[in-house]
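I have placed the structure first, in the form of structure tokens, so that the comments after it can refer back to it.
What follows is calculated from the coordinates using simple rules that are stated; it is not laboratory data. Bear in mind the structure is a predicted one, so any value in this text is a computation, not a measurement. Methodologically, a virtual Cβ is constructed for each residue, glycine included, from the backbone with ideal geometry; neighbour enumeration extends over all protein chains shown.
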Amino acid sequence: MQLRKLIPALIPALALSLVGVTPATAAEEEFRRGPAPTNSSIEASRGPFATASTTVSSLSVTGFGGGTIYYPTSTAEGTFGAVAVSPGYTADQSTMAWLGPRIASQGFVVFTIDTNSRYDQPDSRASQLLSALDYLTQRSTVRTRIDASRLGVMGHSMGGGGTLRAAEQRPALQAAIPLTAWHTDKSWGSVRVPTLVVGAENDSVASVSSHSIPFYTSLPSTLDKAYLELNGASHFAPNSSNTTIAKYSIAWLKRFIDNDTRYEQFLCPSPANSSLISDYRDTCPHGV
């Protein structure tokens, strides 16, 4: 009897406690950009969006070495997620330039950066990737095209190691893709960002047995993560146009930066080993 009397009094308090609580469905909002994807559309050298680019001088920024921004020319479908991309040790942005228009044409703003020094170590590259994202969203000429809540990082070699560190340091990121990454730290259990680790079977610089595979296995088992190993490829596979890298990177960025579940089909079920893929591991299904 007393419990019945208490319930009406508890209802207003319960309602007040829920003010400002985000419904579960809000976190699952999809940001679909472009037509429904097909295998051919994400393997194509260019996607459905026309793109343009703008150069950012190192003299106009702090925290990184400038770079090139690639972006869709139309905003008819709304704002876009953004990705910063770091080159590897001794390299400059030109080694990653092929990814710029290819990913941008699928509906992203892509910033291929130069580092302060070609010899910067992975953790420095992490800080520079994050500085580049901050520049993109706060100061760049394309900032109004970007949804600052939907950001990701990519990088090659030491830039890939920097990608892992950036994901660890900024858990609000939506996606990370280290490409044939190199880092002395092999333990990434505190990363909370969905991560696609790309290794190369014949990598003699950052062998998969001592780098990419330990990176992947050290990531939390509860994390949305995947490991893609390029069949017969070398450490430098990400430095030139590569359809396998592009396809799965686009699918990963779409799935996690845009939360576009139309791209889950390319990630789950796991791609089979083939002439292109020597190993693939994941935590399918994603987003559960």
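A few points about this structure:
- At least 18 Å along the helix axis (C-alpha) and Kyte average at least 1.0, DSSP helices within the chain: 2-17
- With contacts taken as Cα pairs under 8 Å at a separation of at least 6 residues, the chain carries a relative contact order of 16 percent.
- In plain terms, the residue of Glu168, Glu28 with the fewest other Cβ atoms within 10 Å comes first and the most crowded comes last, giving Glu28, Glu168.
- GNM result for the chain, Cα springs below 10 Å: residue of Gln138, Gln128, Gln93 fluctuating most strongly: Gln138
- Cα centre as origin, Lys/Arg/Asp/Glu Cβ charges: segment 16-161 dipole, Debye: 260 debye
- Our helix-only sum for the chain, with -39,500 (n - 2.57) per DSSP H run of n ≥ 4 divided by its residues, gives a mean residue ellipticity at 222 nm of -8500 deg cm²/dmol.
- Label selected from [x] 21.2, 87; [y] 20.2, 77; [z] 17.6, 56, the criterion being Rg and Dmax of the Cα atoms in Å as computed here: [y]
- Comparing Thr137, Pro178, Phe215 along the charge dipole axis of segment 53-282, the residue lying farthest to the positive side is Thr137, per the Cβ-charge model.
- Counting every other Cβ atom within 10 Å of each residue's Cβ, Val193, Val83, Val205, Val56 order from fewest to most as Val205, Val56, Val193, Val83.
- Positive-end residue of Ser241, Leu99, Gly67, charge dipole of segment 53-282 with Cβ unit charges: Gly67
- Exposure proxy shown here: for His286, His211, His156, His235, the number of other Cβ atoms within 10 Å sets the order, fewest to most, as His286, His235, His211, His156.
- Extending 7 Å from Cα along the Cβ direction at Glu30 and again at Ser53 yields two label points whose distance is 3.2 nm.
- Charging the Cβ of each Asp and Glu at -1 and of each Lys and Arg at +1, and nothing else, the dipole of segment 161-217 about its Cα centre rounds to 240 debye.
- For segment 76-83, 3J(HN,Hα) computed residue by residue from phi via the Karplus equation (6.51, -1.76, 1.60; θ = phi - 60°) reads 4, 8, x, 7, 10, x, 9, 9 Hz, glycine and proline entered as x.
- Only Lys, Arg, Asp and Glu carry charge here, each on its Cβ (+1 for the first two, -1 for the last two); on that basis the chain has a dipole of about 660 debye about its Cα centre.
- Given R0 = 25 Å, the distance between the Cβ atoms of Asp92 and Ser234 translates into a calculated FRET efficiency of 0.80.
- Taking the DSSP bridge list for the chain and keeping only pairs wholly inside it, about 40 percent are antiparallel.
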